[in-house]
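Bear in mind that the values in this text are calculations on the coordinates, not laboratory data. The structure presented is a predicted model; accordingly, all values stated were derived computationally and were not measured. Don't worry about glycine lacking a Cβ; one is built from the backbone with ideal geometry, like all the others, and counts go over all protein chains shown.
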Number of protein chains: 2
Amino acid sequence: MSAIMLSGRELAAEIRTETAARAAALAEGGTPPKLVVVVATADESTAWYVRSIAGAAGKTGIVCDIADLGPDAAAEDIRGTLTSLSADPTVHGVILQTPLPPGVRQEEAAGAIASGKDVDGANPLSLGRLAAGLPAFAPATAEAVVTLLDHHGVELRGRHVAVVGRSTVVGKPVAHLLLDRDATVTVCHSRTRDLAAVTSTADVVVAAVGRTGLITPDHVRREAVVVDVGTNPTADGGLAGDVDPAVAEKAGALTPVPGGVGAVTTALLLRHTVRAADVLTAGHQMP
Amino acid sequence: MSAIMLSGRELAAEIRTETAARAAALAEGGTPPKLVVVVATADESTAWYVRSIAGAAGKTGIVCDIADLGPDAAAEDIRGTLTSLSADPTVHGVILQTPLPPGVRQEEAAGAIASGKDVDGANPLSLGRLAAGLPAFAPATAEAVVTLLDHHGVELRGRHVAVVGRSTVVGKPVAHLLLDRDATVTVCHSRTRDLAAVTSTADVVVAAVGRTGLITPDHVRREAVVVDVGTNPTADGGLAGDVDPAVAEKAGALTPVPGGVGAVTTALLLRHTVRAADVLTAGHQMP
């Protein structure tokens, strides 16, 4: 028996199509939606990832600029750039790419991104508003988890979800999104005693740790739904998830890597940018 | 066998003593610390509670004003008041008391409280910063839970804590504080299927629902530590917790109501106010 694969490709394509239509309408109205990715690293895999966002944006009719501040950028330069992009009326979405130079905290720096342009939900204000049930952009990866489960008709209400990982960009915001959907949520992490004992009681397991193959068949109960958020680089230049492929023999359903959560994440970043442009051109502002 | 009672009274007295000393030093330096509680309700039990805060503040050497906007105050009046108190250099702490008039969302209105004066952690920015591991005032009740457990030497690291209740003022922030202490945290709520099955696996149960006696012996495993955040009014004018008193026969330790979390909460509000005054008079500002 083998798990159903919960692909993200079809959903991502749907979101891109709908987003491209809206982007075209905005451009026709004289406001081409524009995303700026702020980069402050010489890391090659980051450069590759940012180019892939820019490529996807271009195909969707969204202008995507890369503001490369270099690997030695100071915290105040990064914040200054984010502040001026936040004030620039031609810019609708702003992403602060990690990693950042040593000593620059992403959570602190991202506080300079205006909420209404914070399309990857990196400003702590966005996370707080999300937790408080107020309108805000969620981090795209966290939203991709819930959107992908919805797309495949996985019920969340009243079910027990174990989130493995407590990062500010995935684990914590996905916990809030799941609570908002009436799931009972357990957040596990590196200090959790007997991780397998906890996760194997859950209906749904979300693995968001960044360690290849951490989640084995022992961590999952039979027929559980497993969401793999991991995107760990492999020696041969590919990607591996946080979930051991052998889990497919035990789980009821599993998201693939690549082609699962990651595919949806980029599409959601673009959707958020178009939504931000919609709101900003309508003259409203998120706080 | 009967549970150890984890009283909050001694801890509250300690915090008040330390806070009074600091308040006296600030007053001597020409800056008497000042707290303002904004009220917009005619509710009698709220008035009683606010007077009790003012009384405790007075005894600690903190000036406490009550800004009563009346039960018909509009959202913009409430936000306007919070904005001007945030700008007033003689004010160091600002609390927005609930309940609020129909149609006014506490989470939305509290966004007008400057972070540095948000001594009850009501601004969603404070919650987001807390979740992101950045300096911020936690809601006093949520912090009281963790502070009281620390005071009694209850280990949190690696232990499984079930938080019952997902409110913005208690359940969610206490979950973040517990995660920050390396606990594995499950958040349960009204839609949780078989609550007792979930909570009875936990080392520590935090009940923060507001329903008298919701947590019964069946919800708790033998020797568990139980924290009762409930303060439900009784017919005879007293207070009852969310935990059935019979739990004391099964749990290893239990916080009393009254005299547990609630006692510590007020003391922490005063400590926060003095800390805010310390920071503001030093010329620093929290974001």
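Between the amide H of B:Gly260 and those of B:Gly8, distances stay under 5 Å, these residues lying 5 or more places away or on another chain, with hydrogens modeled in the peptide plane. Axis of helix B:261-281 versus longest Cα principal axis of chain B: the two differ by about 30°, to the nearest ten degrees. For A:Asp242, the residues whose modelled amide H falls within less than 5 Å of its own, excluding neighbours fewer than 5 places apart on the same chain, are A:Gly213, A:Val229, A:Gly230.
Counting only other residues whose beta carbon sits under 14 Å from that of A:Gly210, what net charge do I get with K and R as +1, D and E as -1? Intermediate results must be reported in sequence, preceding the final value.
Working: positive: A:Arg166, A:Arg211; negative: A:Asp228, A:Asp242.
Within the 14 Å Cβ shell, the charges total 0.
Beta bridges per DSSP, both residues in chain A: antiparallel share near 5 percent. Centre-to-centre separation between the Cα atoms of segment A:11-40 and those of segment A:186-221: 36 Å. Where in segment B:209-236 does the label zone of B:His152 land, with the point 7 angstrom along Cα→C-beta and an amide N cut-off under 20 Å? Answer for segment B:209-236: B:209-232.
Summarising the strand pairing of segment B:107-262, around 10 percent of its internal DSSP beta bridges are antiparallel.
Computed from backbone phi, the HN-Hα couplings of segment A:13-21 come to 5, 4, 5, 5, 4, 5, 5, 5, 4 Hz, rounded to whole numbers (Karplus: 6.51 cos²θ - 1.76 cosθ + 1.60, θ = phi - 60°; Gly and Pro given as x). Indicate the gyration tensor shape class of the protein assembly as shown (rounded, prolate or oblate), computed on the Cα atoms with a ≥ b ≥ c the square roots of the eigenvalues: a/c under 1.5 is rounded; otherwise a/b larger than b/c is prolate and the rest oblate. Because a/c hits 1.5 or more and a/b fails to exceed b/c, the protein assembly as shown counts as oblate. For chain B, the relative contact order is 22 percent, taking Cα pairs closer than 8 Å that sit 6 or more residues apart in sequence and dividing their mean separation by the residue count. Selection among A:Ala56, A:Ala144, A:Val257 by position relative to the dipole of the protein assembly as shown gives A:Val257 as farthest towards the positive end (Cβ unit charges, Cα centre).
Let a ≥ b ≥ c be the square roots of the eigenvalues of the Cα gyration tensor of chain A; is it rounded (a/c under 1.5), or, if not, prolate (a/b larger than b/c) or oblate? Before the final figure, lay out the partial values.
Working: a/c = 1.73, a/b = 1.56, b/c = 1.11.
Prolate, because a/c is 1.5 or more and a/b exceeds b/c.
Count the DSSP beta bridges whose two residues both fall in the protein assembly as shown, then state the antiparallel fraction as a percent rounded to the nearest 5. Please report the intermediate quantities before stating the final value.
Values: 7 of 63 bridges.
DSSP beta bridges in the protein assembly as shown are roughly 10 percent antiparallel.
Placing a label point 7 Å from the Cα of B:Thr216 along the Cα-to-Cβ direction, the distances to the matching points in the other copies come to 4.1 nm, shortest first.
Against the main long axis of the alpha-carbon atoms of chain B, helix B:171-180 sits at an angle near 80°. Taking chain B as a Gaussian network, Cα atoms linked when under 10 Å apart, which of B:Glu249, B:Glu44, B:Glu223 shows the biggest mean-square fluctuation? Answer for the Gaussian network model of chain B: B:Glu44. Normalised by the number of residues in segment A:91-192, the mean separation of alpha-carbon contacts (under 8 Å, six or more apart) gives a relative contact order of 20 percent.
Along Cα-to-Cβ, 7 Å out, sits the label point; list in nm, shortest first, how far the one on B:Asp182 is from those in the other copies. Spacings between copies for this position, smallest first, are 3.8 nm. Per residue, the average separation of C-alpha pairs within less than 8 Å and at least 6 apart gives segment A:132-285 a relative contact order of 21 percent. Net charge of the neighbourhood of B:Thr41, taken over other residues with C-beta under 14 Å away and scored Lys/Arg +1, Asp/Glu -1, is -4. For the rotation carrying B onto A, the chain B residue whose Cβ lies nearest the axis, with the distance in whole Å, reads B:Gly128, 1. The dipole here belongs to the protein assembly as shown: it is taken about the Cα centre, uses +1 on the Cβ of Lys and Arg and -1 on the Cβ of Asp and Glu, and is about 360 debye. In order along segment B:151-162, the Karplus-derived 3J(HN,Hα) couplings, from 6.51 cos²θ - 1.76 cosθ + 1.60 at θ = phi - 60°, round to 4, 8, x, 7, 6, 10, 4, x, 8, 9, 10, 9 Hz, and Gly and Pro are given as x.
Inverting the mean 1/r over all pairs of different Cα atoms, compute the Kirkwood radius of segment B:140-261 and quote it in Å. Walk me through the numbers before you get to the answer.
On the way: mean 1/r = 0.0717 Å⁻¹.
The Cα-based Kirkwood calculation yields 13.9 Å.
Were the residues from A:Ile4 through A:Thr17 laid out at 0.36 nm apart, the gain over their Cα-Cα distance would be 2.1 nm. Once you sort the root eigenvalues of the Cα gyration tensor of segment A:29-113 as a ≥ b ≥ c, which label holds: rounded (a/c under 1.5), prolate (a/b larger than b/c) or oblate (the other case)? Oblate, because a/c is 1.5 or more while a/b does not exceed b/c. Between identical copies, the spacing of B:Ala13 label points, each set 7 Å from Cα toward the C-beta atom, reads 7.2 nm from nearest to farthest.
Legend: distances between Cα atoms for A:Lys34/A:Lys59; A:Lys34/A:Lys117; A:Lys172/B:Lys172; every pair falls at or below 21 Å. Other residues within the sphere of radius under 13 Å centred on the Cβ of A:Ala196, judged by their own Cβ, net out at 0 (K and R +1, D and E -1).
Phi angles across segment B:234-250 convert, under the Karplus curve 6.51 cos²θ - 1.76 cosθ + 1.60 with θ = phi - 60°, into 3J(HN,Hα) values of 9, 4, 8, x, x, 10, 10, x, 7, 9, 4, x, 5, 4, 4, 7, 10 Hz, Gly and Pro given as x.
Only helices enter this figure: runs of n ≥ 4 DSSP H residues, each worth -39500 (n - 2.57), summed and divided by the residues of the protein assembly as shown, yield -12000 deg cm²/dmol at 222 nm to the nearest 500. Between 0 and 90 degrees, the angle of helix B:44-60 with respect to the longest Cα principal axis of chain B falls at about 70 degrees.
Modelled this way, with points 7 Å down the Cα-to-C-beta line, the labels at A:Ser84 and B:Glu76 are 3.5 nm from one another.
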